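Note sheet for the following structure.
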Amino acid sequence: MPDSIEMLLVLAADSEVTAACRLFDAKAPADAQSGAAFRVSSSVWVLQTGIGKANAAARVAQTLATTKVQRVINIGVAGSLPGSGLDLGQAILASRSVFADEGIDTPGGFLDCKAMGFPIYQDDDGAGISPDQELLAKLQSLGLSEVVVATVSTCSGRDALAMRVRRRTGAAAEGMEGAAAMLACHHAGVPAAEIRIISNTTGDRESQTWDIGLAMTRLGELSFQLSDIDFN
């Protein structure tokens with residue numbers, strides 16, 4: 001590992017890592033799934049975490065504890081929630097990354113951890129983790145729609161669940177790692193942001209529409225575009 005990494009792209013799945021590497025003309029090493037970050041350009045490194053919040057938080061925290069990282073961008077695919085108006089293949093920038101299902105589900109409604117008296121982190125206001133504002137300003141040059149993104153453990157394969165996530169969080173899309181990766185960066189004091197590309201709709205599984213190929217193509221393009229931004 002280097003003494004310092006200018007930008008760390010954090011991705012979950014093999015297919016996302018492959019897509020991110022494509023335009024860099026790079027290939028993930030055999031040990032990528034072990035959580036070892038690898039270089040794809042002079043300024044960009046890639047970290048594969050595996051799917052889900054636990055993997056994302058653990059791998060990002062481990063990397064930040066052993067390497068100086070200037071900025072982290074969690075990038076991957078997501079499902080659009082009902083009424084979001086997002087299109088398949090559309091890239092979005094998280095204005096907030098929200099833990100959608102940490103809490104208690106009661107007959108009277110869902111209570112998040114803060115409402116239960118157990119905030120997830122210091123300064124937890126229940127509204128989610130905001131990206132670093134200086135980093136956000138730089139990423140706005142990409143012209144992406146800025147929306148709330150929910151981070152879930154259980155993806156919405158039923159209409160009722162998709163609507164509940166939408167109403168409860170105000171999110172337009174859901175993924176499985178964003179808020180956890182952002183929280184690890186928050187604890188470490190490292191600037192971070194979340195970018196997602198819509199690969200599918202949510203709701204009743206048999207009625208969902210998907211275009212993984214389009215989403216992966218866009219993910220690869222965006223990953224490469226990130227290397228052209230002047231963050232200084």
For the chain, find the longest principal axis of its Cα atoms and tell me its angle to the long axis of helix 212-226, 0 to 90°, nearest 10.
50 degrees
Under the definition of Cα pairs under 8 Å and six or more residues apart, what whole-number percent is the relative contact order of the chain?
29 percent
Enumerate the aspartates and glutamates that residue 138 could reach by cross-link, defined here as Cα to Cα under 12 Å, with residues fewer than 8 away along the same chain left out.
228, 230
Sparse-neighbourhood loop hits (trypsin sites (Lys or Arg not before Pro), segment 87-173; DSSP loop; Cβ within 10 Å at most 14 others) -> 158
Taking the alpha-carbon distance from residue 53 and a cut-off under 12 Å, which aspartates and glutamates remain once sequence neighbours fewer than 8 residues away in the same chain are dropped?
101, 102, 177
Let me know the shape class of segment 77-146, please: from the alpha-carbon gyration tensor, a ≥ b ≥ c as square roots of the eigenvalues, rounded when a/c is under 1.5, otherwise prolate if a/b is greater than b/c, or oblate.
oblate
For segment 148-232, what's the relative contact order in percent, using C-alpha pairs closer than 8 Å and at least 6 residues apart?
29 percent
Taking only Cα atoms, what is the 0 to 90° angle, nearest 10, from helix 53-66's long axis to the longest principal axis of the chain?
30 degrees
With n ≥ 4 as the cut-off for DSSP H runs, can you work out [θ] at 222 nm for the chain, using -39500 (n - 2.57) per run divided by the number of residues, rounded to the nearest 500?
-9000 deg cm²/dmol
Surface/4 of the Cα convex hull for the chain, nm²
12.2 nm²
Could you line up 116, 216, 182 from fewest to most neighbouring Cβ atoms inside 10 Å?
116, 216, 182
Can you sort 71, 39 by how many other beta carbons sit within 10 Å, fewest first?
39, 71
Starting from the Cα of residue 123, move 7 Å in the Cα-to-Cβ direction to define the label point; list residues of segment 171-188 whose amide nitrogen is under 11 Å from there.
186-187
Local electrostatic count at residue 159 - Lys and Arg +1, Asp and Glu -1, tallied over other residues with Cβ under 12 Å
+2
Can you tell me the 0 to 90 degree angle between the C-alpha axis of helix 159-169 and the longest principal axis of the chain, rounded to 10?
70 degrees
Can you spot the aspartates and glutamates whose alpha carbon is less than 18 Å from residue 27's alpha carbon? Ignore those fewer than 8 places along the same chain.
14, 16, 221
In this structure, the FRET efficiency calculated for residue 227 and residue 34 from their beta-carbon separation, with R0 = 30 Å, to the nearest 0.05, is 0.80
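None of the figures in this text is laboratory data; all of them are computed from the coordinates on show. All values reported here derive from a predicted model rather than from experimental measurement. A quick note on method: Cβ atoms are made from the backbone with ideal geometry, for glycine too, and the neighbour counts reach across all protein chains shown.
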